[in-house]
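> Quick one: the structure is below, and I'll ask about it shortly.
The values are calculated or read from the model by the stated rules, or taken from the named source; none is laboratory data. Treat the numbers as computed from the prediction; the structure is a model and nothing was measured. As a convention, Cβ positions derive from the backbone with ideal geometry for all residues, glycine included, and neighbour counts pool all protein chains shown. Accessible surface is based on the protein model in full, side chains and every heavy atom, while ligands, DNA and RNA are left aside. Shrake-Rupley method; radii C 1.70, N 1.55, O 1.52, S 1.80 Å.
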Amino acid sequence: MSSKAKRRSITQTHERIAQLGWEPTYHEPVPRYPTRYHIPAKSKDPMKQIMREYLPMELEKDDRVYGGHDAAVRAGMTDKTEERWTEILKPFLTVTNYAEIGAGRCMSMLIDAIPSNELRNGYHVQYVDEVRHTGMQMSLGRWYAKNVPDPSGWNQMMKAMPRDIFTLGGMNFANHFMVGDPIQCAFALQVVAETAFTNVAFVALPDVAARNGDFTLPTTYLSVQSDEARHISNGYATLLTVLQDDRNIPFIERDLQQAWWINHAFLDVFTAVVMEYFSRDRSDDESFLDKWDRWIRDDWYRAYVVKLGRLGLEMDPHIFDRARERIVKGLHHKVAMLAFATWPMHFWKFDGMDERDFEWFESKYPGWYDEYGFFWEAYRELDDPAEASLLLSGLLPEAPPFCWTCTMPSVIDEDMCHRVVDDRTRFYCSKECRWIDESNPGRYVGDRNYFDRFHGMDLADVVTGLEFVRPDGETLMGQPHLREDKKWTLTDLRKVAMTIESPNINMAKAMGLPDGDHSTAFKAGINTATGRNGGPGPVKVEALDIPLPLTLD
């Protein structure tokens with residue numbers, strides 16, 4: 001008679017894992033990623049993650065994802081998917097994949113900064129998750145490149161990341177996962193991005209993909225999202241750990257608000273434009289604002305952040321209300337116009353809005369056509385190179401400056417503000433972005449204004465330098481339409497003879513402010529990054545004590 005070996009409980013196994021770590025006694029450890037936070041000796045991992053349970057589950061999930069990719073080829077999925085949709089996935093995969101890389105690096109920082117072996121185990125499991133997600137998304141990008149009708153642009157991805165206006169904004173947003181104080185990075189990643197925004201980007205957006213005939217992206221991204229419960233748990237555990245020391249409360253309140261804003265400033269715009277302006281299907285009853293209210297306001301802010309008050313955190317609702325206010329004011333609609341107008345400077349194709357799109361937008365955002373319809377009518381009229389005209393020629397000289405902190409355009413006039421640093425003007429899209437820059441001195445430096453580096457150059461030369469040209473060396477990757485004929489070339493751009501101007505340089509000059517060109521300063525080494533985070537600090541720090549402004553000065 002045989003007997004089965006008794007299975008050790010997950011709790012016992014997890015307790016055993018936590019005992020396996022040790023602190024070296026043969027030298028004094030030097031933190032590679034120091035934190036200003038005061039870290040308690042004890043902490044708990046509420047998920048009790050162990051590899052014995054994790055690996056078989058993830059192996060089965062991977063089999064389903066990659067099996068789904070193979071099945072999609074046999075089913076001819078790309079022939080059934082709207083091309084308007086597959087084009088925007090080129091920057092979407094680029095940004096989300098970079099974010100996964102940043103998330104993995106954040107785990108390395110946390111493992112170094114937090115001595116708890118129990119939490120380190122949870123961070124290790126999340127690190128493996130992020131490596132898997134990176135591989136899955138790159139494989140998906142390769143799948144699209146091999147199977148979509150127009151693969152041009154899929155070979156760019158990480159190469160294009162710092163070269164494209166809007167993937168650069170994604171790079172800046174995701175850098176908050178791995179640049180700065182490790183706990184600050186954890187809040188930006190785990191407590192805000194993964195707990196709030198993945199609901200929209202990795203759940204609601206795959207629904208839009210399926211409506212457009214794309215079932216490959218949902219197969220991949222919903223598998224990614226199924227891991228977020230562990231990551232959310234890690235963020236909550238990190239938050240509870242630092243909350244044990246009351247000296248950390250001012251840091252938490254400030255860093256959590258700033259983490260929220262930097263996620264909102266990019267993700268709300270990017271995700272909304274992807275979902276609403278690149279969907280051919282108009283059967284969705286919800287607008288982006290509807291989804292935002294359901295997934296972020298109700299399920300995250302009201303059900304999570306507000307309840308942190310019971311733990312001693314006083315989170316002023318002002319900054320959260322301000323984010324929604326900006327969406328209501330048309331933030332993503334205004335940025336969408338700039339995105340479409342700058343089509344030659346991107347590595348994907350655009351498809352202008354038609355009457356069905358107009359009707360849908362008007363039903364979801366009453367008054368939309370009166371405010372934005374003129375642009376979309378003009379866009380359709382100028383998509384033929386025979387017209388030898390670009391909307392950008394008239395738009396760029398009057399375009400708003402780009403924000404120094406979030407790198408997105410300052411499209412809401414009444415929110416735009418500025419300050420002078422090192423005899424150069426920095427513009428901001430909002431008082432919140434100005435506050436973030438002021439209270440993190442030395443963090444936002446370098447050649448941050450996209451158009452500064454191209455000021456005075458011919459557009460054709462800029463596109464050539466960006467390498468956003470197809471293999472024939474003449475046809476542009478970006479196009480203002482999806483037609484096979486009448487594609488724009490470098491020759492067509494030269495006929496337009498458009499000179500790129502930097503809105504930041506122009507605005508500073510028009511307002512009589514110091515030079516707004518930061519590219520020359522960067523080349524001269526004037527505003528390069530220096531310094532480290534420093535160790536555990538006092539509660540009172542001059543830069544940290546700058547209050548969130550409630551009104552513009």
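> Express in nm, to one decimal, how much length is gained between Arg32 and Ile249 on full extension, taking 0.36 nm for each residue of separation and deducting their alpha carbon distance.
Values: separation 217, 0.36 × 217 = 78.12 nm, distance 2.37 nm.
Length gained, Arg32 through Ile249: 75.7 nm.
> Sort Leu482, Leu140 by heavy-atom solvent-accessible area, probe 1.4 angstrom, most to least.
Working: Leu482 35, Leu140 0 Å².
My answer, sorted largest first, is Leu482, Leu140.
> With a probe of 1.4 Å, find how much accessible area the range 171-217 has per residue, and write the answer as a whole number in Å². Write out the running numbers ahead of the final one.
Working: 780 Å² over 47 residues.
The answer is 17 Å² per residue.
> Still on this structure: In what order, largest first, do Leu89, Leu289 sit by accessible area if the probe radius is 1.4 Å?
Greatest to least solvent exposure: Leu289, Leu89.
> Taking the Cα atoms of the chain alone, what are Rg (to one decimal) and Dmax (as a whole number) in Å?
24.3, 92
> Quick one: length gained pulling Ala210 to Asp290 fully straight, 0.36 nm per residue minus the C-alpha distance?
Working: separation 80, 0.36 × 80 = 28.80 nm, distance 1.87 nm.
Using 0.36 nm per residue and subtracting the Cα-Cα distance, I get 26.9 nm.
> What net charge is computed for the residues neighbouring Gln257, neighbours being all others with C-beta under 9 Å from the C-beta of Gln257, Lys and Arg scored +1, Asp and Glu -1?
On the way: positive: Arg254; negative: Glu253, Asp255, Asp316, Glu432.
Here the count lands on -3.
> Write down the percent of antiparallel bridges among all DSSP beta bridges whose residues are both part of the chain, to the nearest 5. It would help to have the intermediate numbers written out before the result.
Numbers: 9 of 10 bridges.
Roughly 90 percent of the beta bridges in the chain run antiparallel, per DSSP.
> What is the distance in Å between the Cα centroid of the range 203-225 and that of the range 242-260?
35
> Using a cut-off of under 15 Å, list every residue of the range 324-361 whose amide N is near the label point 7 Å from the Cα of Lys486 along the Cα-to-beta-carbon line.
Backbone N within reach: 350-354.
> Each residue of the range 397-407 in order: what ³J(HN,Hα) in whole Hz does its phi give by Karplus 6.51 cos²θ - 1.76 cosθ + 1.60, θ = phi - 60°, with x for Gly and Pro?
Using θ = phi - 60°, the values come out as x, 9, 5, x, x, 8, 6, 5, 8, 9, 6 Hz.
> Work from the charge dipole of the chain (Cβ charges, +1 for Lys and Arg, -1 for Asp and Glu, about the Cα centre) and give the residue of Trp348, Asn97, Gly465 farthest towards its positive end.
Checked the options; the winner is Asn97.
> How would you order 172-178, 64-70, 122-128 from highest to lowest mean count of nearby Cβ atoms within 10 Å? Don't skip to the end; give the middle numbers.
Values: 172-178: 23.7, 64-70: 15.0, 122-128: 22.0.
The peptides rank, most packed first, as 172-178, 122-128, 64-70.
> Stretch Ala71-Leu240 to full length: gain in nm at 0.36 nm per residue minus the Cα-Cα span?
Numbers: separation 169, 0.36 × 169 = 60.84 nm, distance 4.37 nm.
Fully extending the segment from Ala71 to Leu240 adds 56.5 nm.
> Mind putting together the pair-distance distribution for the range 267-348? All Cα pairs, 5 Å bins, whole percent per bin, short to long.
Pair shares across the bins are 3, 12, 20, 20, 15, 12, 9, 5, 3, 1, 0.
> Still on this structure, I have one more. Measuring with a 1.4 Å probe in the full set of protein chains, what accessible area per residue, in whole Å², belongs to the range 51-146?
Working: 3720 Å² over 96 residues.
Roughly 39 Å² per residue, with all protein chains present.
> In debye, nearest 20: dipole of the chain around its Cα centre with unit charges on the Cβ of K, R (+) and D, E (-)? List each step's numbers first, then the result.
Values: 63 positive and 83 negative charges, 459 e Å.
It works out to roughly 2200 debye.
> A follow-up question, please. Per DSSP H run of n ≥ 4, the term is -39500 (n - 2.57); total these for the chain, divide by its residue number, and report the mean residue ellipticity at 222 nm rounded to 500 deg cm²/dmol.
Details: 23 runs with 264 residues, N = 553.
Per the formula, -14500 deg cm²/dmol.
> P(r) of the range 365-445 in 5 Å steps, Cα pairs, percent per bin?
Cα pair-distance distribution for the range 365-445, in percent: 3, 13, 17, 16, 14, 12, 10, 9, 5, 1, 0.
> OK, next. Leaving ligands, DNA and RNA out of it, report the carbon-plus-sulfur percent of the accessible area of the chain at a 1.4 Å probe.
That fraction is 54 percent.
> Suppose we keep just the alpha-carbon trace of the range 38-128; what are its Rg and Dmax in angstrom?
Gyration radius and largest Cα-Cα distance of the range 38-128: 18.7, 57 Å.
> Rounding to the nearest 20 debye, state how big the charge dipole of the range 290-424 is about its Cα centre with +1 on each Lys and Arg Cβ and -1 on each Asp and Glu Cβ. Show your work: numbers first, answer last.
Numbers: 17 positive and 27 negative charges, 184 e Å.
My answer is approximately 880 debye.
> Please report, in whole Å³, the volume per residue of the convex hull around the C-alpha atoms of the range 346-386. Please list the in-between numbers first.
Numbers: hull volume 3.6 nm³, N = 41.
Per-residue hull volume (Cα only) is 87 Å³.
> Among 74-86, 433-445, 304-316, what's the highest-first ranking by average C-beta atoms within 10 angstrom per residue?
Details: 74-86: 16.6, 433-445: 19.8, 304-316: 13.0.
Output ranking for 74-86, 433-445, 304-316: 433-445, 74-86, 304-316.
> Among Tyr98, Tyr26, what's the order by accessible area (1.4 angstrom probe), most exposed first? Could the numbers behind the result be given before it?
Details: Tyr98 35, Tyr26 185 Å².
Solvent-accessible surface, decreasing: Tyr26, Tyr98.
> Tally Lys/Arg at +1 and Asp/Glu at -1 over every other residue whose Cβ is under 10 Å from the Cβ of Trp292; what's the total?
Values: positive: Lys291, Arg294, Arg297, Arg324; negative: Asp268, Glu286, Asp290, Asp293, Asp298.
It works out to a net charge of -1.
> Report, in order of residue number, the helices in the chain meeting two criteria: a C-alpha extent of 27 Å or more along the helix axis, and a mean Kyte-Doolittle hydropathy of at least 0.0; treat each whole DSSP H run as one helix. List each step's numbers first, then the result.
Working: long enough: 51-74 (34 Å, -0.97); 83-113 (45 Å, 0.18); 117-147 (45 Å, -1.08).
Helices meeting the span and hydropathy rule in the chain are 83-113.
> Please give me, ordered by residue number, the GluC sites (Glu not before Pro) of the range 470-529 that lie in loop per DSSP and have at most 15 other Cβ atoms within 10 Å. Display every interim value, and only then the final one.
Working: sites: Glu474, Glu484, Glu501; in loops: Glu474, Glu484, Glu501.
When the GluC sites (Glu not before Pro) of the range 470-529 are filtered for loop state and at most 15 Cβ neighbours within 10 Å, Glu474, Glu484 remain.
> Using a Cα-Cα cut-off of under 17 Å, which aspartates and glutamates could be cross-linked to Lys523, ignoring same-chain neighbours fewer than 8 residues away?
Reachable aspartates and glutamates: Asp422, Asp423, Asp447, Asp452, Asp515.
> Same structure again: Picking from Met109, Gln137, Thr520, whose Cα lies most toward the positive end of the charge dipole for the chain (charges on Cβ: Lys, Arg +1; Asp, Glu -1)?
The one lying farthest along the dipole's positive direction is Met109.
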